[in-house]
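Written below as structure tokens is the structure these notes are about.
No lab work stands behind these numbers, since they all come straight from the coordinates. Fair warning: this is a prediction, and the values are worked out from it, not measured in the lab. Positions of Cβ are generated from backbone atoms using ideal geometry, with glycine treated the same way; all protein chains shown enter the neighbour counts.
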Amino acid sequence: MTVRMDNVGIVVEDLAAAIGFFREIGLELEGQTVVEGEWAGRVTGLGQQRVEIAMLRTPDGHSRIELSRFIEPSVVADHRNAPVNALGYLRVMFAVDDIDETLGRLRAHGAELVSNEVVQYDEAYRLCYVRGPEGILVGLAQELG
């Protein structure tokens, strides 16, 4: 049996800001569209819906993020500031070549370190969590040596 993860979905209010943030990490915008109609509502269980989506993929083509901005129905919950031990979707981790350089670029998009530092794990990794626009939580990992 073959299983491949297709994408992770994140609901946002400001689609343009979220796209800019993930493009700065290094993802490529595959496309944007509006998804609507009865068929879409049957998939999600929401009934009639209208959602603006953007699909971004990693440069290697193996992973994607789907950003969704609900036009209708309205958003019903807000988990953007949930701490790292909250139940449900929490974060996506990206491997990067240079964590300091990546952080510098992300700060221009409002990203802030969660713990105010980049932490080193043994001689293997430098790691951190950042919150970007909309409170999106992203992990960054730089493999050492």
**Message:** Please count how many residues of region 73-109 are in contact (Cβ under 8 Å) with a residue 24 or more places away in the chain and outside any loop (DSSP other than H, G, I, E, B).
**Reply:** 9
**Selected residue (criterion: farthest from L137 (Cα to Cα)) from residues of region 110-122 that are in a loop (DSSP other than H, G, I, E, B) and touching a residue at least 12 places away in the same chain (Cβ under 8 Å)** = V118
**Item:** Residue list for region 105-145, restricted to those being touching a Lys or Arg at 6+ places or on another chain (Cβ under 8 Å), of a type in the set (A, V, I, L, M) and surrounded by 14 or more Cβ atoms within 10 Å (Cβ to Cβ)
**Value:** A111, V114, V118, I136, L137, V138, A141
**Request:** Could you check G20 against (1) surrounded by 14 or more Cβ atoms within 10 Å (Cβ to Cβ); (2) in contact with a strand residue (DSSP E or B) (Cβ under 8 Å, 6 or more places away or on another chain) and say which number it fails?
**Result:** (2)
**Message:** Tell me yes or no: at least one residue of region 37-50 is surrounded by 17 or more Cβ atoms within 10 Å (Cβ to Cβ) and either charged (D, E, K, R) or in contact with a Lys or Arg (Cβ under 7 Å, 6 or more places away or on another chain) (or both).
**Reply:** no
